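To keep things clear, I will list the structure first and then write my remarks on it.
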Amino acid sequence: MTRSAIARFGVALIAASLMAAACAPEPEAAPTTTTLGTTTTTTTTTTVPTTTTTEARVGNPFGGEAIVADDQEPPTLNPFAPGGDNFIVRIIGQAYFTGVFDIDGRTLELIPEVVTELPTVANGGVVVNDDGTMTVNYTIRDEAVWDDGVPISGDDFAFTLETLQSPDVDAGYQVEDVYGWIESFEAGPKTFSYTLSRPTILYEQLFGILIPKHAVEGTDFLNDWNDTMWPSGGPFRFSEWERGDHITVERNENYWKINPETGRNLPFLDSVEFRFIPESEEIIRAFKAREVDIIQPPPFVPSIDSLVALEDDGADVQVRTGPVWEHLNFQFGPGRFEMNPDSMNANLDFRRAVAYLIDRDAIAKVVSDYTEPLTSYVDAFSPTLSGYAWDRYPYDPEKAKELIDKVKADEGVDAITAIFNTTGNGDIRIRVGEALKPLFEAAGIEYKLELQDSQLFFGETLENGTWDIGEWAWVGSPGLAGLVSTHDIFDPDSPPPDGSNYYRWGTTDSSVRDEHTERFAEVRDLMNETVDGDELEALIAEAEDILADQMVILPLYSRIVMGAVWADEIGNFVMNSSQASYAWNIEEWYRADL
């Protein structure tokens, strides 16, 4: 893979991720706490109801409707049309979209959907050819059909590919370029294979949503599927959209997944109504009144507290660690001196002292009572692959002071000043910045908090590298492809404006260029050329270790997401903190009160 091709892909991914993290509204402050971060999860065990017959019921009951409230209404139903990247499009789409993979809400791992297994090097589904190309093979489930009974086939994959290669269609910032790397393909009744011009783990994220050729071919793709939906490959089919009020989906009688206990086709429910309620307060009122069964309001602490209070009445409130992770970081380029002429960021002992002086447990509590500290960005969205590399820096103020005294002696200075830069538009980062002041000062560092408007901070400041020590968030996605893309952020060979290494760690104008930055660049390139899972996991672990050992960043906490369900009414609701959304297992929801 050429570096320019990788850079184009990485910039698109990270720019969108940064925008999402920067623009997401921060929760309003409660009198003493607010929210954003990691938390424990409240779970509820639902007892299978008995029937009025003399025989015990086998499995969960079929029938009934669930009502979901959301504060967003989709601008379109077409995920590839303008506005189709709106999160609510994917949430509702879990009812009727189908594709190669989904994200398991319990493990955050990729799982096969319409294919028999996800292709890998280990199972022979991915083959790196002698000429440097890579072939990916899918076997489609024999039983998989669209809701009109037409089999889901390789022709649907081929039609989806041809559609998404059109310059007028938005294939998504994470995969748009990769579809263009496909040089050839072969489509069979229940098989599909394609060959990419180069090896890349980003193949994992292709064909997340399939388009039925028999229904869509010959239509105006970007205009004909905004208000109605093509035949469903999921558990429900589109029924109606009453704008400004609700969208209803109804059981897909031809859905191919089976309930193993009864042998009957899923879903359990007859229908699901997605009701649009713009105000969070009204969503919570409707839930408390049992007018709706499931909600995912913004995770404001007062809202969570008020919902948790309903658990004795049958509510199940699930608070999860989300994929948006906040971190403290250092600027290594010359622009840092515009903010702090005495910046010590180039000194590794100083950076490590900062890691030791920060009590991440205390910072988490400053954010909210539901927040837990983060010891690795990997843990934020791919916990099974995390090495928890920053565990090596426990809160140790004495160690921090010892290192600061060493820095003063080595640098020949009597005082050290640190300037903490972040956005001043929301309450959370301000409170974190204020909470850091006594921690820095206890280690013998003069500390200043400098706040900026978010447009300035995420614009000129990041672009020009004119900060000293900063805080902001990135967004991660599960899977090896998501982790590889995350490491592109730190690529020493990709400074802005063409790259996303805003930290200037190891870049040509960096104050730190050494064997560690050189090795990281090598590891990063190897990641983007490797498709073997075991090899990639080893590279990811090495990259995480380098970033922690050299204290390029310090992960602080992940923002939380939350959902609530009346568990005495709806069973099998499992909150999913990833892009798959809370509706990821909608086919398994059932009426617990039948």
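Every number here is computed from the coordinates shown, using simple stated rules; none is lab data. Only a predicted model underlies this, so the values are computations on that prediction, with no experimental measurement involved. In this analysis, Cβ positions are derived from the backbone assuming ideal geometry, glycine residues included, and neighbour counts consider all displayed protein chains.
Here residue 213 is the anchor, and the lysines within straight C-alpha reach of less than 18 Å, apart from those fewer than 8 places off in the same chain, are 190.
Given N residues in the chain, what is its alpha carbon radius of gyration divided by 2.2 N^0.38 Å?
1.01
Taking every alpha-carbon pair under 8 Å whose residues sit at least 6 apart, the chain reaches a relative contact order of 25 percent.
The packing ranking, built from the mean of other Cβ atoms within 10 Å per residue, places the peptides 203-210, 427-434, 286-293 in the order 203-210, 427-434, 286-293, highest first. For the chain, the membrane-span-like helices by this rule, meaning whole DSSP H stretches whose C-alpha atoms cover at least 27 Å of axis and whose Kyte-Doolittle mean is 1.0 or above, are 3-23; this says nothing about an actual membrane. With a cut-off of 14 Å between beta carbons, the residues surrounding residue 361 carry a summed charge of -3, where Lys and Arg count +1 and Asp and Glu -1. Applying the Kirkwood pairwise sum to the alpha-carbon positions of the stretch 229-283 produces a hydrodynamic radius of 12.7 angstrom. Place +1 on the Cβ of every Lys and Arg and -1 on the Cβ of every Asp and Glu in the chain, take the dipole about the Cα centre, and give the residue among 430, 487, 416 whose Cα lies farthest towards its positive end. Most positive-ward Cα: 416.
A convex hull fitted around the alpha carbon atoms of the stretch 72-184 yields 142 Å³ per residue. Normalised by residue count, the stretch 493-582 yields a Cα convex hull volume of 163 Å³ per residue. Counting Cα-Cα pairs of the stretch 220-346 in 10 Å increments starting at 0 gives whole-percent bin shares of 9, 22, 23, 21, 10, 10, 3, 0. Other residues whose C-beta falls under 15 angstrom from the C-beta of residue 89 contribute a net charge of -4, scoring Lys and Arg +1 and Asp and Glu -1. The radius of gyration of the Cα set in the stretch 338-424, together with its Dmax, comes out at 15.3, 45 angstrom. Restriction of the chymotrypsin sites (Phe, Trp or Tyr not before Pro) in the stretch 483-544 to DSSP coil positions whose beta-carbon has at most 14 other beta-carbons within 10 angstrom yields no sites.
Separation of the alpha carbons by more than 29 angstrom is noted, of 365/448; 257/288; 399/448; 365/399, for 257/288.
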